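Working notes, structure below.
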Amino acid sequence: MSSDANKSPSASQKTRFWHDPAKRAILFQSLLVIAVLGFVGMIVQNTLHNLESRGITTGFAFLSQEAGFGIIQSLIDYSESSSYGRTFFVGLLNTLLVSVLGIIAATLLGFIMGIARLSNNWLISKVASAYVEIFRNIPLLIQIFFWYFAVLRALPSPRQSLEPIENIFINVRGLYMPEPIYGDGFGWVVAAFFIAVVAVFFISRWSKKRQDETGQRFPMLWTAAGLIIGLPLLVYWVMGSPLTWEAPVLKGFNFRGGMTIIPELAALWVALTIYTAAFIAEIVRSGIEAVSHGQTEAASALGLNRGKVLRLVVVPQAVRVIIPPLTSQYLNLIKNSSLATAIGYPDLVSVFAGTTLNQTGQAIEVIFMTMLVYLTLSLLVSAFMNWFNTRMALVER
Amino acid sequence: MSDSAKVTDTLLPDLPPPANSTGVIGWMRMHLFSSPVNALLTLFTLYILYILLVPSISWALINADWVGDNRDACTSGGACWVFIYNRFDQFMYGFYPEMERWRIDLTFGMLAVLVIWLMVPNLPKKGLVSVLTLVVYPIIAYFLLYGGSFGLEVVETHKWGGMSLTLILAIVGIVAALPFGVLLALGRRSEMPIVKSFCVVYIEFWRGVPLITVLFMASVMLPLFLPGEVDFDKLLRAMIGIVMFQSAYMAEVVRGGLQAIPKGQYEAAQALGLNYWKMMGLIVLPQALKLMIPGIVNTFIALFKDTSLVLIIGLFDILAIVQAGLSDPNWLGFSVEGYTFVALMFWVFCYGMSKYSQHLEKRFHTGHGAR
């Protein structure tokens, strides 16, 4: 005790607690928690009070009630007597459909345009850069409206349908195509396809191992193509062609039978593809430009030809730069597909946060579920891409 | 002795390069027809361009009608810009009373002067002008646009519309989101775990949902969150939604700027004995903000394009007002002209801003690395 008294007063005096970063941090964070909880509590209280005074019951019971409205496109069985819960899944599947279609098409177009911008052909690189500059600077909503109201509405009526290829009809009601009818034994063709894919997977592992050990190369590309295309074709022929096509037929004022792409889907798909591809093209271009010129020169000095330089040296390095921004473009595309509501394509926002919300008035539950879907999709896609990204990055030594 | 053995002590002049490797022909051989495949591609592209461009240009410019009072003026079969010409004022000002439109002009005129002052490199007193733009100007703009004092007539927000509303939404969104974005970014880089996790959750939540659902939420749910029967403005609700959404994106831009500041700057500031806020306010943020400007311009472009979504919750931005015009029975069937006009308006703004942001990136790139 006496030794304490000998210390200088400034050292013996405990540091004031607001000068101690650790304690100050605890104070700040407790204040923040109290403030956030208080804010949330106020909102919840207000909301409950407001809901009570408006006579709205909360809860998810409404999901099992009968919906009573029709939806123009559904991937699962749906009728007016289905429940509100089912409208959620119809909308979700339609969102996923247009997102997947859009991602595939936008990736293809984006890569073509991105590579075209780097072409040594002056005209082609200028056209590609004009494409990028025009379409990424015009809001997506305007592009959707343009395709839907200005282009697709100008198509002829069903009776004067365009028929560019036999049995494919284009008119103001949509694009009509023959529908495949799967006969007995078609399952075997599908099975053969999957067996071929699995076989290719194992053969490629074996050939890579053999090349690592002996240096002998195996014609993997041709084997894979032969197996994946050839095996299902062979089974198809053996089973006696179990696939027929049902063509759409004009009956009265409209086509019956066949598959239909409704104009809402077509407009949304085209607009999403063109808009997102402009951004992807920029990502691809900067990714390829990020691979230093020395890499290309070193590869040519080793005697690799132009195709191999691209395939073995440039692309693997560019992909690593391209993937993170590409992921966020895919996420943007999924989120942008919610603009469907502006032209009435029955996606999640249009069906569930639109019609269902208006009919039931359950704003909080509906918006909560809708936002949760997009959040989950975002997290899933970014988790997948992170996994892919680490896999690619591991190649580095 | 033959001529071939002639000895000269001066250099012979260089021969000119072969005629087919210079001038227009040489350029074309190199850039358009360097190989058979390239030649085919060039011809194919030219053909496609011919198919697309010739009809479009003759429709939009050569065969178009420009001036008139009604649709009867459109006789030449091309584009009918008369539609735009007649409604141009409405597309710009919305339903703002005609007598009061000078207020919008003045507001945006002042903004243009301030922004140009900030953009031109050699003008003095940038700091003062930025404070004017970010703090004083919004107050003046509010009183000018909404009115209600200084003898100005009140103009309710449901009369606002057109291009001016689009600009107001985008500018308010970006200016109001900036301080929130800075706070969120600082929070995300903070060492306090609870502060950090709150900020991460906030940012990732808003970045994960589409703007439409945010606007739906703002227009449907916000009234439920507030006490009593506060009936508040549709425009204000949309703005709150946009600011909450945008501040998450802004936070990521600010975070990028903060990460670009070398650790030595933080350490030097701490060694001088500056506390956290002084370190951030005097040393880190001034340097980081400069680096952030291109990113801020890019988010502004994205927000500017996204403002067109407010038509879904019933506000009359330029796209909504053109669409309303298209359903006017006197002007049915001019949707291509209408959408082309809106697209052109947006394109001019966005393209200009993206060029400016690229220019800034080049100017701020003061390092030695290859560009």
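Nearest 20 debye, what's the magnitude of the dipole of chain A about its Cα centre given +1 on Lys and Arg Cβ and -1 on Asp and Glu Cβ?
Taking the Cα centre of chain A as origin, the dipole is about 1300 debye.
Compute the convex hull volume of the Cα atoms of the protein assembly as shown, divide it by the residue count, and report the result per residue in Å³ as a whole number.
Here the figure is 363 Å³ per residue.
Rg (Å, one decimal) plus Dmax (Å, integer) for the alpha carbons of segment A:220-332?
Radius of gyration, then largest Cα-Cα span, for segment A:220-332: 22.7, 69 Å.
Name the residue from A:Ser83, B:Phe88, A:Ile228 whose Cα lies farthest towards the positive end of the charge dipole of the protein assembly as shown, charges +1 on Cβ of Lys and Arg and -1 on Cβ of Asp and Glu.
Result: A:Ile228.
With just the Cα atoms defining each centre, how far is segment B:103-180 from segment A:86-138? Give it in Å.
Cα centres, segment B:103-180 to segment A:86-138: 36 Å.
Using only alpha carbons, build the gyration tensor for segment B:151-201 and give me the equivalent ellipsoid semi-axes, biggest first, whole Å.
Rounded to whole Å, the semi-axes are 37, 11, 9.
Using the alpha-carbon centroid of each, what span in Å lies between segment A:206-220 and segment B:248-280?
What the calculation gives is 52 Å, centre to centre.
Tell me the relative contact order for segment A:187-236 as a rounded percent, counting alpha carbon contacts under 8 Å between residues six or more apart.
Reported relative contact order: 60 percent.
If I take every Cα pair under 8 Å that is 6 or more residues apart in chain A, average their sequence separation and divide by the length, what percent do I get for the relative contact order?
So the answer I get is 21 percent.
Ratio of alpha-carbon Rg to the 2.2 N^0.38 Å globular estimate for segment B:119-275, to two decimals, please.
Values: Rg = 19.2 Å, N = 157, 2.2 N^0.38 = 15.0 Å.
Normalised Cα radius of gyration, segment B:119-275: 1.28.
Calculated FRET efficiency, A:Lys308 and A:Lys126, Cβ-Cβ r, R0 30 Å, to nearest 0.05?
Working: r = 29 Å, r/R0 = 0.96.
That pair, A:Lys308 with A:Lys126, gives E of 0.55.
Dipole of segment B:216-355, Cα-centred, from +1 at each Lys and Arg C-beta and -1 at each Asp and Glu C-beta, to the nearest 20 debye?
Working: 8 positive and 9 negative charges, 138 e Å.
Rounded to the nearest 20 debye, it is 660 debye.
In whole Å, what is the distance between the alpha-carbon centres of segment B:181-221 and segment A:173-204?
44
Can you sort A:Leu141, B:Leu285 by 1.4 Å-probe accessible area, starting with the largest?
Largest to smallest exposure gives the sequence B:Leu285, A:Leu141.
Would you please state the base-10 log of I(q)/I(0) at q = 0.13, 0.27, 0.29 1/Å for segment A:187-236, with intensities from the Debye formula using one equal scatterer on every alpha carbon?
The computed values of log10 I(q)/I(0) come out as -0.33, -0.91, -0.99.
Using a 1.4 angstrom probe, figure out how much accessible area the protein assembly as shown has per residue, in square angstrom, rounded to the nearest whole. Numbers along the way, then the final one.
Numbers: 43030 Å² over 768 residues.
Here the per-residue accessible area is 56 Å².
Dividing the convex hull volume of the alpha carbon atoms of chain B by its residue count, what do you get in Å³ per residue? Intermediate values should be presented prior to the final figure.
Details: hull volume 112.0 nm³, N = 371.
Looking at chain B, the number lands at 302 Å³ per residue.
Could you check how much of the accessible area of the protein assembly as shown is carbon and sulfur, as a whole percent, using a 1.4 Å probe?
Solvent-exposed carbon and sulfur of the protein assembly as shown make up 67 percent of the total.
With springs connecting C-alpha atoms under 10 Å apart, model chain A as a Gaussian network and identify which of A:Val36, A:Val270, A:Val249 has the largest mean-square fluctuation.
A:Val36
Rounded to the nearest 0.05, what FRET efficiency is calculated for B:Thr10 and B:Ala260 with R0 set to 56 Å and r the Cβ-Cβ distance?
Details: r = 60 Å, r/R0 = 1.06.
Here the calculated transfer efficiency is 0.40.
Give the dimensionless ratio obtained when the Cα radius of gyration of segment B:10-128 is divided by 2.2 N^0.38 Å. Each step should come with its number before you reach the end.
On the way: Rg = 27.1 Å, N = 119, 2.2 N^0.38 = 13.5 Å.
Expressed relative to 2.2 N^0.38 Å, the Cα Rg reads 2.00.
Among DSSP bridges having both ends in the protein assembly as shown, what percentage is antiparallel? Round to the nearest 5.
The antiparallel fraction comes to roughly 90 percent.
If I model a spin label at B:Ala39 and B:Trp102 as a point 7 Å from the Cα along the Cα→Cβ vector, what separation in nanometres do I get?
Using points 7 Å along Cα→Cβ, the separation is 6.8 nm.
Over the heavy atoms of A:His19, what accessible area does a 1.4 Å probe trace out, to the nearest 10 Å²?
The value for A:His19 is about 120 Å².
Compute the distribution of all C-alpha to C-alpha distances in chain A, in bins of 20 Å from 0, and list the percent of pairs in each, rounded to whole numbers.
17, 42, 29, 10, 2, 0
What figure in square angstrom, to the nearest 10, would you give for the accessible area of A:Asp77 with a 1.4 Å probe?
Taking all protein chains as shown, A:Asp77 has close to 130 Å².
Across 10 Å bins from 0, what is the distribution of all Cα-Cα pair distances for segment A:171-270, in whole percents?
14, 25, 22, 23, 11, 4, 1
Taking 2.2 N^0.38 Å as the expected size of a compact globular protein, what ratio does the Cα radius of gyration of segment A:96-250 give against it, to two decimals?
Taking the Cα Rg and dividing by 2.2 N^0.38 Å, one obtains 1.52.
For chain A, modelled as a GNM with alpha-carbon contacts under 10 angstrom, which of A:Ser337, A:Ser53, A:Ser382 fluctuates the most?
A:Ser53
With springs only between Cα atoms under 10 Å apart, run a GNM on chain B and tell me which of B:Ala238, B:Ala343, B:Ala185 wobbles the most.
Of B:Ala238, B:Ala343, B:Ala185, the Gaussian network model singles out B:Ala343 as fluctuating most.
Go through chain B and flag any cysteine with no other cysteine's C-beta closer than 4.7 Å, please.
So far as the 4.7 Å Cβ criterion goes, B:Cys199, B:Cys350 stand without a partner in chain B.
Got a number for the accessible area of B:Asp105? Probe 1.4 Å, square angstrom, nearest 10.
Result for B:Asp105: roughly 80 Å² accessible.
Between A:Ile26 and B:Lys234, take the C-beta separation as r, use R0 = 41 Å, and let me know the FRET efficiency to the nearest 0.05.
The calculated FRET efficiency here is 0.45.
Residue by residue through segment B:93-109, which ³J(HN,Hα) values in whole Hz follow from phi under the Karplus form 6.51 cos²θ - 1.76 cosθ + 1.60 (θ = phi - 60°), with glycine and proline marked x?
Here the 3J(HN,Hα) series is 9, x, 9, 4, x, 4, 5, 9, 5, 4, 5, 5, 4, 5, 4, 6, x Hz.
If you take all C-alpha pairs in segment A:280-352, what percent of them are over 18 Å apart?
Within segment A:280-352, distances greater than 18 Å cover 55 percent of Cα pairs.
Enumerate the calculated ³J(HN,Hα) couplings along segment A:60-74 in order (Karplus 6.51 cos²θ - 1.76 cosθ + 1.60, θ = phi - 60°), each rounded to whole Hz, writing x wherever the residue is Gly or Pro.
Going residue by residue, I get 9, 5, 4, 4, 8, 6, 6, 6, x, 10, x, 10, 6, 9, 9 Hz, with x marking Gly and Pro.
Going from the alpha-carbon gyration tensor of segment B:68-154, what semi-axes, largest first and in whole Å, does one get by taking the root of 5 times each eigenvalue?
Its equivalent ellipsoid spans semi-axes of 36, 20, 7 Å.
When the Karplus curve 6.51 cos²θ - 1.76 cosθ + 1.60 is applied with θ = phi - 60°, which whole-Hz ³J(HN,Hα) does each residue of segment A:104-118 get, with x for Gly and Pro?
These are the phi-based 3J(HN,Hα) values: 4, 5, 5, 5, 4, 4, x, 5, 4, 5, x, 6, 4, 5, 8 Hz.
Can you give the accessible area buried between chains A and B, summed over both chains, with a 1.4 Å probe, in Å² to the nearest 100?
When A and B are taken together, about 4500 Å² of accessible area is lost.
Among all stretches of chain A without exposed GluC sites (Glu not before Pro) (DSSP loop, at most 16 other Cβ atoms within 10 Å), which one is longest? Present the calculation step by step, with values, prior to reporting the outcome.
Details: sites that count: A:Glu80, A:Glu166, A:Glu396.
Longest run free of exposed loop sites: A:167-395.
The values are calculated or read from the model by the stated rules, or taken from the named source; none is laboratory data. Just so we're clear, the structure is a prediction, and the values are computed from it rather than from any experiment. FYI the Cβ positions are ideal-geometry reconstructions off the backbone, even for glycines, and counts take in every protein chain you see. Just the protein is used for accessible areas: all its heavy atoms, side chains included, with ligands, DNA and RNA removed. Shrake-Rupley method; radii C 1.70, N 1.55, O 1.52, S 1.80 Å.
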